[in-house]
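Okay, structure first, notes after.
The values are calculated or read from the model by the stated rules, or taken from the named source; none is laboratory data. None of these values were measured; they are calculated from a predicted model. Every residue, glycine among them, receives a Cβ derived from its backbone with ideal geometry; neighbour counts consider all protein chains shown. All accessible areas refer to the heavy atoms of the entire protein, side chains included, with ligands and DNA or RNA removed. Shrake-Rupley method; radii C 1.70, N 1.55, O 1.52, S 1.80 Å.
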Amino acid sequence: MRKSLIAGALAAVAIPGTALAACPFSYVYNYVSSPQPISIITGSAGAGTTTFQTSTNGTVSKLSGPGMLQASATGRQVTVQMAMTNCSNVNNVANFTGCSDTPTVTISAIGTPTGLNQSLTAFTVAYTGSSGGITSTNGSAPLTIHLSPSGATYYAGWSFDLGYNLPISDAGSGGSAGNGSSTLSITITPSTAGCAANTTTVTVPTLVNTPLSITKLTSLSFGAVIRPISGTGTVTYTPTSSGSATMAFTGGVSALPSPAPTIGSFRIQGQQYKEVYVQLDSSVNLTSGPNTIVLTPLGVWGSDATQGSFNNGSNGAGQANLGNADGAATLYVGGSFPLAPSTPAGVYSGVIHLTASYQ
């Protein structure tokens, strides 16, 4: 009789152990990357949405729309390393079946995007783990991944990279340019009953600038000049940051009182407080029929461009910060050219090219 009572007690103690074995592990994220910001120039107001695609290898490209990447971008995918742990805590049972769980991972866009960002779409996945794998995927936003066991006894791990599509509104669609973000969630749901799901979130940041535009305000004119009797002279028209300019002559060159010279000017419009790199032609051919005079342009930033210089009045490259209220700056353009007694008379004209890009 005593032996029978002892056996009954042992049988009763074994029942809680069985219940504990139903869910002996927990899930953790060893690593979830935070992508670097994607630098984007959005479309102009009313131009519509631009969609950018980040592949599972991290390369960003434009799928559609009027916007563009400001610079090439790589390493923007989300890299995930997740693990199932604590199997060894259950009486050190070798090859415990709980370590062969087949979890489901769901990737979804969540929250309200900021800036000109819209919600992430079209999630893709590439498995990078050394064991285990993806048995199936369903949908795209949300994307559901079904994982196979990694085959470990006391520790199971999976690794994969995520890609996604990122729509960006145009400059007139509400929101504000500058820093923006869209957020995704990653949720692990165990297949073993009783084990709780685990969720983490990842922010996909952007730096969105409105498009740059260049408008010619006034044309450059040197008026009427008289070539020298001998030797070689020069005509130099030097602009100032206030929009005025001074005309100077050397080597016997002079000018007629009419027509009066006028300074050239351009307006560069873009994202407020952004650094802009501007390039003038280093030389321009002014032609009159078959005859040519070579003009060397001179550029000076207006007083509305903060923290900027244009090679101290020389031709070539310059930078300025679009720091005024409407994100614009003025560039005044003059120039110089030589004249000789043999320079043919005529009306000479040409085109000065100006390009601008964000730094």
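Among residues belonging to the range 144-188 that are aliphatic (A, V, I, L, M) and at pLDDT below 95, point out the one that is farthest from Gly132 (Cα to Cα). Walk me through it before giving the result.
Residues of the range 144-188 aliphatic (A, V, I, L, M): 145, 147, 152, 156, 162, 166, 168, 171, 177, 184, 186, 188.
Now drop any that are not at pLDDT below 95, which leaves 147, 152, 156, 171, 177, 188.
Numbers: Leu147: 7, Ala152: 9, Ala156: 9, Ala171: 45, Ala177: 43, Ile188: 15 Å.
Per the criteria, the residue is Ala171.
Inside the range 59-76, can you point out the residues that are crowded, with 16+ Cβ neighbours inside 10 Å and either under 22 Å from Ala171 (Cα atoms) or at pLDDT 95 or above (or both)? Before the answer, list the steps.
Our first condition is that a residue be crowded, with 16+ Cβ neighbours inside 10 Å; within the range 59-76, this holds for 60, 65-67, 70, 73, 76.
If the condition is that a residue be crowded, with 16+ Cβ neighbours inside 10 Å and either under 22 Å from Ala171 (Cα atoms) or at pLDDT 95 or above (or both), then Val60, Gly65, Pro66, Gly67, Gln70, Ala73 are the ones that fit.
Could you check, for the range 214-227, whether at least one of its residues is in a loop (DSSP other than H, G, I, E, B), open to solvent by 60 Å² or more (accessible area, probe 1.4 Å) and either under 30 Å from Gly65 (Cβ atoms) or not charged (D, E, K, R) (or both)? Spell out how you get there, then give the answer.
Looking only at the range 214-227, we keep the residues that are in a loop (DSSP other than H, G, I, E, B), and these are 219-220, 222-224, 227.
Pick out the ones that are also open to solvent by 60 Å² or more (accessible area, probe 1.4 Å) and you get 219, 227.
Subsequent filtering for residues that are either under 30 Å from Gly65 (Cβ atoms) or not charged (D, E, K, R) (or both) retains 219.
Yes, the range 214-227 has at least one match.
Would it be correct to say that Gln272 is in a strand (DSSP E or B), modelled with pLDDT under 95 and of a type outside the set (Ser, Thr, Tyr)? Break it down stepwise before answering.
Values: in a strand (DSSP E or B): no; modelled with pLDDT under 95: yes; of a type outside the set (Ser, Thr, Tyr): yes.
Judged against the criteria, Gln272 is not a match.
Could you please give the count of residues in the range 228-250 that are assigned to a loop (DSSP other than H, G, I, E, B) and free of Cβ contacts under 8 Å to residues at least 40 places away in the same chain?
Narrowing the range 228-250 to residues assigned to a loop (DSSP other than H, G, I, E, B): 228-232, 240-244.
Filter once more, so that each one left must be free of Cβ contacts under 8 Å to residues at least 40 places away in the same chain: 244.
Residues flagged as assigned to a loop (DSSP other than H, G, I, E, B) and free of Cβ contacts under 8 Å to residues at least 40 places away in the same chain within the range 228-250 amount to 1.
Evaluate the following for Phe249: is it within 30 Å of Val347 (Cα to Cα) and aromatic (Phe, Trp, Tyr)?
Numbers: within 30 Å of Val347 (Cα to Cα): yes; aromatic (Phe, Trp, Tyr): yes.
Yes.
Within the range 34-56, track down each residue that is open to solvent by 20 Å² or more (accessible area, probe 1.4 Å), of a type outside the set (Ser, Thr, Tyr) and assigned to a strand (DSSP E or B). Step through it out loud before you land on a result.
Going residue by residue through the range 34-56, those that are open to solvent by 20 Å² or more (accessible area, probe 1.4 Å) are 34, 36-37, 39, 41, 44-49, 51, 53, 55-56.
From what is left, the residues that are of a type outside the set (Ser, Thr, Tyr) are 36-37, 41, 45-48, 53.
Result: Ile41, Gln53.
Give the number of residues within the range 319-359 that are in a loop (DSSP other than H, G, I, E, B), surrounded by 18 or more Cβ atoms within 10 Å (Cβ to Cβ) and of a type in the set (A, V, I, L, M, F, W, C).
2
State whether one or more residues within the range 143-152 are within 18 Å of the chain's Cα centre (by Cα), in contact (Cβ under 8 Å) with a residue 40 or more places away in the chain, in a strand (DSSP E or B) and surrounded by 15 or more Cβ atoms within 10 Å (Cβ to Cβ). First the steps, then the outcome.
Step one: of the range 143-152, the residues within 18 Å of the chain's Cα centre (by Cα) are none.
No, the conditions are met nowhere in the range 143-152.
Residues of the range 235-253 being surrounded by 15 or more Cβ atoms within 10 Å (Cβ to Cβ) and among the hydroxyl-bearing types (Ser, Thr, Tyr), which ones?
First, the residues of the range 235-253 that are surrounded by 15 or more Cβ atoms within 10 Å (Cβ to Cβ): 235-241, 243, 245, 247, 249-253.
Thr236, Tyr237, Thr238, Thr240, Ser241, Thr250 - these are the residues of the range 235-253 that are surrounded by 15 or more Cβ atoms within 10 Å (Cβ to Cβ) and among the hydroxyl-bearing types (Ser, Thr, Tyr).
Could you say which residue among Leu280, Leu256, Leu295 is among the aliphatic types (A, V, I, L, M) and open to solvent by 50 Å² or more (accessible area, probe 1.4 Å)? Walk me through it before giving the result.
Details: Leu280 fails: open to solvent by 50 Å² or more (accessible area, probe 1.4 Å); Leu295 fails: open to solvent by 50 Å² or more (accessible area, probe 1.4 Å).
None of the others qualify; the one that does is Leu256.
Mind checking which pairs have a first residue in the range 337-359 that is on the phi < 0 side of the Ramachandran plot and a second that is assigned to a loop (DSSP other than H, G, I, E, B) and of a type in the set (S, T, N, Q), Cβ under 8 Å, 6 or more apart or different chains?
Pro338/Thr232; Leu339/Thr232; Ala340/Thr232; Pro341/Ser230; Tyr358/Gln70; Tyr358/Gln271
Open to solvent by 20 Å² or more (accessible area, probe 1.4 Å), within 30 Å of Gly327 (Cα to Cα) and in contact (Cβ under 8 Å) with a residue 60 or more places away in the chain: does that describe Gly157? Full working, then the answer.
Values: open to solvent by 20 Å² or more (accessible area, probe 1.4 Å): yes; within 30 Å of Gly327 (Cα to Cα): no; in contact (Cβ under 8 Å) with a residue 60 or more places away in the chain: yes.
No.
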